[in-house]
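The structure under discussion appears below in the form of structure tokens.
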Amino acid sequence: MSEIFDIYNLIFLVIAVAILLRLRSVLGRRTGNERPPFDPVAQNREAPVTAPGEPVQPPPIDQEEAERHAENAARRIAKVAPEGTALNDGLMAIVGADPSFEPEDFLKGARVAYEMIVGAFAAGDRKALKPLLSREVYDSFAAVISERESRGERVESTFVGIERIEILDAGLKTTAAFVTVRVHCQFITVTRDRAGAVIDGDPGKIVEVVDIWTFSRDTMSRDPNWKLVATEAA
């Protein structure tokens, strides 16, 4: 019985080896030198011609397109800063690092940011302030809010509106762009104590305020948002 079993095993082994040899002749062996599979998309791409060991060169820059872009940028900047001024040079430096920068769009964003920051500061809303401020400015604002809370004071502020906002200064420090704006606005603001009595301000009086704020962002960052990095009362 054992001999019959061994004979059957031998027969199956011979058949398996024959099948393996047949597959090998049809499929071949992988040696590392096989041609890659055909890719019709890749075949239609124009590969740069280089000498052996020579680095692939980037495609040439369209000089006309580059000049057209520079002219458009110069016109955009000239709307807010005359050519030949330091402000114009600073704004052009920012555009050079971030071609998407638009002074007029920046001013629109600065208006919104100003109102949001002033409102959040008056309300003591640290959560709303944090993403809008640099670490140093946030710490300063948070300290003032904490002092008000410790005295039991609250601020009631009504934002009347921004009369005018203008760019005073701009530039690029390594990869950090900065823009300084002057904001002319109106408020009705009142500070009350624990008992609700007015200790500062007048609920029936509009106050004229002029602030100078500086915003900044890293032009190498994917985050497009600007943060308030400095404040000054004019």
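Val80 meets the conditions (1) at pLDDT below 95; (2) open to solvent by 70 Å² or more (accessible area, probe 1.4 Å); (3) in contact with a strand residue (DSSP E or B) (Cβ under 9 Å, 6 or more places away or on another chain) in every case but one. The failed one is (2). If Thr158 satisfies every condition in (1) in a helix (DSSP H, G or I); (2) open to solvent by 20 Å² or more (accessible area, probe 1.4 Å) but one, which is the exception? (1) is the only condition that Thr158 fails.
In this entry, Ile61 is excluded by the filter for residues that are farther than 30 Å from Phe187 by Cα, at pLDDT 95 or above and not small (Gly, Ala, Ser). Against the definition (surrounded by 14 or more Cβ atoms within 10 Å (Cβ to Cβ), among the hydrophobic types (A, V, I, L, M, F, W, C), at pLDDT 95 or above and more than 30 Å from Ala78 (Cβ to Cβ)), how does Val183 come out, yes or no? No, not satisfied.
With a requirement of 3 or more residues that are at pLDDT 95 or above, in contact with a Leu (Cβ under 8 Å, 6 or more places away or on another chain) and of a type in the set (Asp, Glu), none of the strands (runs of 3 or more DSSP E) lying completely within segment 189-234 satisfies it. The set of residues in segment 165-180 being in a strand (DSSP E or B) and either over 24 Å from Arg222 (Cβ atoms) or not hydrophobic (A, V, I, L, M, F, W, C) (or both) consists of Ile165, Glu166, Ile167, Leu168, Asp169, Gly171, Lys173, Thr180.
The single residue among Gly119, Gly90 that is farther than 17 Å from Asp211 by Cβ, in a helix (DSSP H, G or I) and open to solvent by less than 60 Å² (accessible area, probe 1.4 Å) turns out to be Gly90. Regarding Arg135, is this residue within 19 Å of the chain's Cα centre (by Cα) and either without any contact (Cβ under 8 Å) to a residue 40 or more places away in the chain or open to solvent by 70 Å² or more (accessible area, probe 1.4 Å) (or both)? Yes: the conditions hold for Arg135. Within segment 188-215, restricting attention to residues that are basic (Lys, Arg) and within 11 Å of Arg154 (Cα to Cα), which residue is least open to solvent (accessible area, probe 1.4 Å)? Only one residue tops the list, namely Arg192. Taking every residue in segment 96-113 that is open to solvent by 30 Å² or more (accessible area, probe 1.4 Å) and pairing it with any residue that is at pLDDT below 95 and assigned to a helix (DSSP H, G or I), at least 6 positions away or on another chain, yields no pair with a Cβ-Cβ distance below 6 Å.
The values are calculated or read from the model by the stated rules, or taken from the named source; none is laboratory data. Bear in mind the structure is a predicted one, so any value in this text is a computation, not a measurement. Because the Cβ atoms are built from the backbone with ideal geometry, glycine has one as well, and the counts that use them run over all protein chains shown. Just the protein is used for accessible areas: all its heavy atoms, side chains included, with ligands, DNA and RNA removed. Shrake-Rupley method; radii C 1.70, N 1.55, O 1.52, S 1.80 Å.
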